[in-house]
Amino acid sequence: MFATLAAAMLVALAPQRQSDTTFAVPAGASLSVNNFGGGITVHGWAENRVKVHGETGRRGRVEVSIVGSTVVIKTGSREGAPSVIDLDITVPQSMALNLSGTYADITVDGVQGAISAETVNGEVDVRGGKGIVTLHSIQGSVTLADASGRIEVNSVNEAIELTNVSGEIKVETTNGEVTLTGIQSSSVDAGTINGDVLYEGTVTDGGSYSFGSHNGDITVSIPERANVTITAATANGDIDSSFPLPMQPGPAGKHRKTFKIGSGSARMELESFQGDIEMRRPQEMRDRMEDRKRKHNEHDNDFDNDNDNDNDHDADSDTSFSFDLSSVSAYATRYAAAYAPKYAAQYAAQYAPRYARQYARLYSKHYKDSFRFNTH
Amino acid sequence: MKNDQWTNRLSEYIDGELDSSERAGLEAHLATCGQCFATLADLREVVARAKSLEDREPTKDLWAGIRAGLTQGSEPRRHAPGVSSRRFTFSVPQLMAASIALVFLSGGGAWLALRSSQSPEQRFGETTPRPRVGQLVTWTGHTDAAIADLQTALTQNEKRLDTATVRIVRENLAIIDRAISDARVALQKDPGNAYLNLHLANTMRRKVELLRRVNDMAAARS
């Protein structure tokens, strides 16, 4: 049946601005998606069918084909520069995914198969995944939750966050924080150059854990009954623990120390060149993270940035508004900072396709050689 | 020097011949006894130097005489001929060499030679592991050349990437370069610092990884 489909199926979702198609797939089929710009959203469901919904605009097109046992979805443009297309795809929960884009945000929810997701400019946000899960972005944060297996997550210029993930874990970014919470693993390797690294999870007997940063702090939780040998090293920071640690003999200096807890069977390396190294108890770590999350939310809701946790989106009507209203420039700056991201996204989505097309036509003749398509 | 119950056990400790309770006891003692700690360091240096010596046949067989001098029933273990009982630990330069050699192995030459379409299973974990104590790889000294290879490849490949991405990549390469520079300056002041050596090697590995990733990405868009 699938072979028949493979030969016959080629669905082009156009020229409508949005289209849907749904078709059955056999067990073991995989999905491959390539979308230059826009979004790739994949949901899992309990049916053996794939549903593809595309917001294509007028010029965009979505091609769905089946090659072997793989459902292949590609996007394109019927004329000119690549189109911005949002894909919303629903797949069987166990389907393996291979998703890629250039200016694409990738979101996956409820899929329990292997997942490979790679974008250049965009965020990757995955909930679920089993087996080999590899997530990459150059300019965009990467978050992964509720996954298990062999996990490899990379970003370059943004943060990485893993929550409730188990298995063999490798995480690396260059310019961003790494936050790992609720981890169950005997093998974790996480590092960044610019940014803090935070680990809250298991420390399994015989396990291997390595956390490194150049310009950030390393904070790890050490469970009460862990058996681990910890080597902590920093060139310009401090090493601190909120509980007593039996130091191991050796040529330890101020900046490199080895501690053995219990039998010491697991190995943990903590290294930061400029930052501090902190070892905390799990509950202490969770409290700290809750506190950080609460402060973060307060900051997000404190649009007038006056630290009053006013939770208002209309700062100028707040009687506790504290900054100097006589300073028009300061007011403008704060207001812009609070609202710009929200309205920029909204207006960009609304007007970009129209004006991009209009201006592209206008200027392409003059700037043909230097024109770059650059939208998100 | 005052001997205590542990002084004569230091050699066994180095050779890993103490049982776990003895080892724990000695380690606890070392934490409080500066003399034993210093002696242990001396012994380790002797062991390290001994490893660098070439094996030579003795001018005559001394074993008969030695055996005669031993007390009955306590004959030491002998190893089969040709089997060395030396245990190897690695010096800081060796560790650095091991680390950087691994960087090279995953670096420019490897990228150029091995890049091909690979399955996720093959690609998973292809990143070079973080350098760790105990890895033994001969230092080749080609890391800079590997990075140069990859940078040359990037210069050619980056035409396939948009200008914003190229800018981000270059900014992040600059971040890594600053980290490498920090580590090198610190190493000049403290050349024997094992942590700094490993940190430098690891940071260089990060640069290779980033270059390789971006090259892969650009090549995939050709």
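The values are calculated or read from the model by the stated rules, or taken from the named source; none is laboratory data. Here the structure is a predicted model, which means the values were calculated and not measured. Cβ placement follows ideal geometry from the backbone for every residue including glycine, while neighbour counts extend to all protein chains displayed.
Of the residues making up the stretch A:258-269, those that are crowded, with 18+ Cβ neighbours inside 10 Å and touching a residue at least 60 places away in the same chain (Cβ under 8 Å) number 3.
Residue by residue, here is whether (1) surrounded by fewer than 24 Cβ atoms within 10 Å (Cβ to Cβ); (2) over 20 Å from A:GLU284 (Cα atoms) holds:
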| position | (1), (2) |
| --- | --- |
| A:ALA190 | no, yes |
| A:LEU198 | no, no |
| A:PHE211 | no, no |
| A:ALA226 | yes, no |
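Per this entry, A:GLY110 is not counted among residues that are on the phi > 0 side of the Ramachandran plot and at the interface with chain B (Cβ under 10 Å from one of its Cβ atoms). The residue that is modelled with the highest pLDDT, counting only those in the stretch A:251-301 that are part of a helix (DSSP H, G or I) and aliphatic (A, V, I, L, M), is A:MET285. Within the stretch A:276-289, identify whether any single residue is within 14 Å of another protein chain (Cβ to nearest Cβ), crowded, with 18+ Cβ neighbours inside 10 Å, closer than 26 Å to B:ALA201 by Cα and under 30 Å from the mean Cα position of the chain (by Cα), and answer yes or no. Yes: one or more hits.
Of all positions in the stretch B:153-164, none carries a residue that is in a helix (DSSP H, G or I), basic (Lys, Arg) and at pLDDT 85 or above. I'd like to check something: does the stretch B:150-168 contain any residue that is more than 10 Å from chain A (Cβ to nearest Cβ), touching a residue at least 40 places away in the same chain (Cβ under 8 Å), among the aliphatic types (A, V, I, L, M) and within 25 Å of A:SER141 (Cβ to Cβ)? The answer is yes, given that some residue of the stretch B:150-168 is more than 10 Å from chain A (Cβ to nearest Cβ), touching a residue at least 40 places away in the same chain (Cβ under 8 Å), among the aliphatic types (A, V, I, L, M) and within 25 Å of A:SER141 (Cβ to Cβ). Within the stretch A:134-150, the set of residues being β-branched (Val, Ile, Thr) and at the interface with another protein chain (Cβ under 9 Å from one of its Cβ atoms) comprises A:THR134, A:ILE138. Among the residues of this structure, A:GLY167 does not count as one that is surrounded by 19 or more Cβ atoms within 10 Å (Cβ to Cβ), within 12 Å of chain B (Cβ to nearest Cβ) and within 16 Å of A:LEU31 (Cβ to Cβ).
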